[in-house]
Amino acid sequence: MTDFPEGTVWLVGAGPGDPELLTRKAERLIGMATVVFHDALVGAGVLEMAAPGARLVHVGKRSGRHSKDQGTIDKLIVAAALAGDRVVRLKGGDPAIFGRATEELDACHAAGVPVRICPGVTAASAAAASLGQSLTLRGLARKLTFVTAHARAGEVLDLDWATLADPEATLAVYMGKAAATDVSRNLIAAGLPADTPVALVESASLPEERHFHTRLDLLPLVARTALGDGPALLLIGQALARVKRKHKAAMERVKGTAKID
Ligand code: SAH
């Protein structure tokens, strides 16, 4: 294939974890790579798609456990491309959503290394699938906002709460587990009703997937007590109102698993 010559880089979206949620393009690029730099959130099933001789380099970042800083990752990618590798930089979800893609694109551009993006299924889409619910709702949730609640160590979470507290929007909060209390308090203070529906989805699309429904004022409690170690997404808004029991029971039957809720 001519879209992946030696000395070039692809930033590839690995999706939310389930290898079947990878695009066909991503699968092909991973199979062609001579080196794959991957995150902690990229599952083993996805890495198995790499060619037998390919180098797999873990440059994983999970909140609080940075194994390599961003500058080092940029340098590693560029160095591999300049050495003649076909480089896949595999990122959880979609590379262009809270994935530090700009730094890596800039580093490649600065070094004259051709770089392209292969999109992936973002966590919010996987979470909606896990819930069996839509993120938008005709007439009720006309807007979908992706926001990160990640604050640098020691800094307060500085978001535009007045704009975020929109009763006609769905908020998808990435990296929001640790900030659940701040998110809840600030949105309520900015005028969002305390009983606004909230869904928390942990490890969407993975075997250990779990989801919970609650309301905005109870979000901190649920986040603290119910969530485990997996990546979790907070979804806030009227679109997340609990689905009817009958519908839900039917969904669980289809999936063949009993889910905690
Ligand atoms: N680029 C990624 C997001 C990276 S930020 C994407 O498009 O999905 C990492 C955050 O994404 C996590 O803290 C969590 O909030 C969310 N996330 C990633 N994978 C997830 C999953 N399988 N289930 C739930 N949330 C997930």
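What to note about this one:
- Condition broken by ALA51, with the remaining ones in (1) touching a Gly at 6+ places or on another chain (Cβ under 8 Å); (2) within 14 Å of the ligand (Cβ to nearest atom); (3) without any contact (Cβ under 8 Å) to a residue 60 or more places away in the chain satisfied: (2)
- LEU135 more than 30 Å from THR2 (Cβ to Cβ) and buried (at least 16 other Cβ atoms within 10 Å of the Cβ): yes
- A single member of ALA194, ALA153, ALA165, ALA172 is within 15 Å of the ligand (Cβ to nearest atom) and hydrophobic (A, V, I, L, M, F, W, C), and it is ALA172.
- Some residue of the stretch 52-70 being more than 27 Å from GLU202 (Cα to Cα) and touching a helix residue (DSSP H, G or I) at 6+ places or on another chain (Cβ under 8 Å): no
- Evaluating ARG24 against the criteria (1) within 14 Å of ILE77 (Cβ to Cβ); (2) among the charged types (D, E, K, R); (3) more than 12 Å from the ligand (Cβ to nearest atom) leaves one unmet condition, (1).
- Note on the stretch 144-261: enclosed helices (runs of 4 or more DSSP H) holding 1 or more residues that are of a type in the set (Ser, Thr, Tyr), at pLDDT 95 or above and surrounded by 19 or more Cβ atoms within 10 Å (Cβ to Cβ) are 180-189.
- Verdict on SER205 being in contact with a helix residue (DSSP H, G or I) (Cβ under 8 Å, 6 or more places away or on another chain) and at positive phi: yes
- Checklist (1) over 18 Å from VAL198 (Cα atoms); (2) in contact with a Lys or Arg (Cβ under 8 Å, 6 or more places away or on another chain); (3) part of a loop (DSSP other than H, G, I, E, B) applied to ALA107, failing item: (3)
- Hey, ARG86 touching a residue at least 24 places away in the same chain (Cβ under 8 Å), away from the ligand (no atom under 15 Å from the Cβ), in the same structural domain as ALA54 (by TED's automatic domain parsing) and of a type in the set (Lys, Arg) or not: yes
- Here the stretch 197-212 is the region considered, the condition is being under 19 Å from GLU168 (Cβ atoms) and hydrophobic (A, V, I, L, M, F, W, C), and the residue that is nearest to the ligand (Cβ to nearest atom) is ALA199.
- Looking only at the stretch 88-104, and only at residues there that are assigned to a helix (DSSP H, G or I) and touching a Leu at 6+ places or on another chain (Cβ under 8 Å), the one that is surrounded by the fewest Cβ atoms within 10 Å (Cβ to Cβ): ALA101
The values are calculated or read from the model by the stated rules, or taken from the named source; none is laboratory data. Computed from a predicted model, the values in this text were never measured in an experiment. Positions of Cβ are generated from backbone atoms using ideal geometry, with glycine treated the same way; all protein chains shown enter the neighbour counts.
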